[in-house]
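Enquirer: Following this message is one structure expressed as structure tokens.
The values are calculated or read from the model by the stated rules, or taken from the named source; none is laboratory data. Just so it is clear, the structure is predicted and the values come from calculations on it, not from any experiment. Cβ placement follows ideal geometry from the backbone for every residue including glycine, while neighbour counts extend to all protein chains displayed.
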Amino acid sequence: MPAAPATADTQPTMCLLHGDFHLMGQACWSATMHWYFDHTPHLDAQEARDAYLAAVERKMLDQLMEALR
């Protein structure tokens, strides 16, 4: 019997709140949803996902640059 598919709670996800890729908790999901509502109402679903991933990547890069200073 194949294993049941993993749920969102067990899959690491890109987190804008922490600028990291990890298992997201309630605060992470809340920040994600607020970001989507504030930044993407005019975009289709794929464009919204792409914009979110770009925002997370930008935060990750900003954190790396800050750590190098």
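Enquirer: Which of the residues spanning segment 22-35 are within 19 Å of residue 12 (Cβ to Cβ) and part of a helix (DSSP H, G or I)? Spell out how you get there, then give the answer.
Expert: Residues of segment 22-35 that are within 19 Å of residue 12 (Cβ to Cβ), as a first pass: 22-33, 35.
Selection gives 26, 27, 28, 29, 30, 31, 32, 33, 35.
Residue-wise test of (1) at pLDDT 95 or above; (2) touching a Cys at 6+ places or on another chain (Cβ under 8 Å).
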| site | (1), (2) |
| --- | --- |
| 4 | no, no |
| 9 | no, no |
| 27 | yes, no |
| 30 | yes, no |
| 39 | no, no |
| 51 | yes, no |
| 56 | yes, yes |
| 59 | yes, no |
